[in-house]
Amino acid sequence: MLLEGLGAQALVELAFKDMLADSLREKSREKGVCVMVGITCAASNQLVLTIPETSAGVWHGLLRRGVGVFIERALSVREFMTEVLGMDLHYATNSVPGLFLNNAPVDDWSEELVSDGDELGMSGTMPGLCGIALRRSSPIRSFRPDLVSRHDEEARKGGVATVKMFNFVALDCFKPVLRRGVVVSPAAVLEYVGDQEISLQECQCAWNDSPASASEVREILAGVCEDIELIVRMNGK
């Protein structure tokens, strides 16, 4: 028999892996889901990756693709950037002149509100006359009279807003955002890890507070159908 050919240590390791897999399934059932058994649906699932500081930079591109950020209430663009995303006010004021709320340039970032379902794009200085016109409170914003954000103020509420960061802004700001936690689809995580050739074997992985191997994380994500919270931490931080 196959088992007869296995040593005692191998049998112990096999039993431990089965026990760990059962534990992961049970913890997910406690949250109202069933991992790797049929369809899994739960927005409360959490994946925490602790990665080497030396390989952290590869994760900044995830913010260029767009991630969800949970907010308890509608709040101004300025508050969202400084209080929720953790940007330094001086940096946000001087290094992020390009702000786009639902694809429309933002001028008064203290008044424009970010709420559930909104998308906020952030960019550094953009070149040319077009770039100048699209800057926050541009002196030539009259060149874009039809490009203004419009909202139903009564519908403003908390929830999940999408954040996209471009050029150097993503590279400068991705660490505190990912450390805080973002909302993403499991498919987006698997796609990004594959596109960037990220080795999960180098990460310490935890699914719903239980340690998990790289292969187990991939299997779990493949069976989850709703968005998860992704937290990416650097070693020692």
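The values are calculated or read from the model by the stated rules, or taken from the named source; none is laboratory data. A quick note: this is a predicted structure, and the numbers were derived from the prediction, not measured. Positions of Cβ are generated from backbone atoms using ideal geometry, with glycine treated the same way; all protein chains shown enter the neighbour counts.
Numbers at a glance
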read-out: Strands (runs of 3 or more DSSP E) within segment 43-131 that include 2 or more residues touching a helix residue (DSSP H, G or I) at 6+ places or on another chain (Cβ under 9 Å), of a type outside the set (Gly, Ala, Ser) and free of Cβ contacts under 8 Å to residues at least 60 places away in the same chain; value: 98-101, 119-123
read-out: Among the residues listed as Gly98, Gly57, Gly68, the single one being surrounded by fewer than 13 Cβ atoms within 10 Å (Cβ to Cβ), small (Gly, Ala, Ser) and closer than 16 Å to Ala170 by Cα; value: Gly57
read-out: Selected residue (only one of Asp227, Asp209 is in contact with a Ser or Thr (Cβ under 6 Å, 6 or more places away or on another chain) and either crowded, with 17+ Cβ neighbours inside 10 Å or in the same structural domain as Val184 (by TED's automatic domain parsing) (or both)); value: Asp227
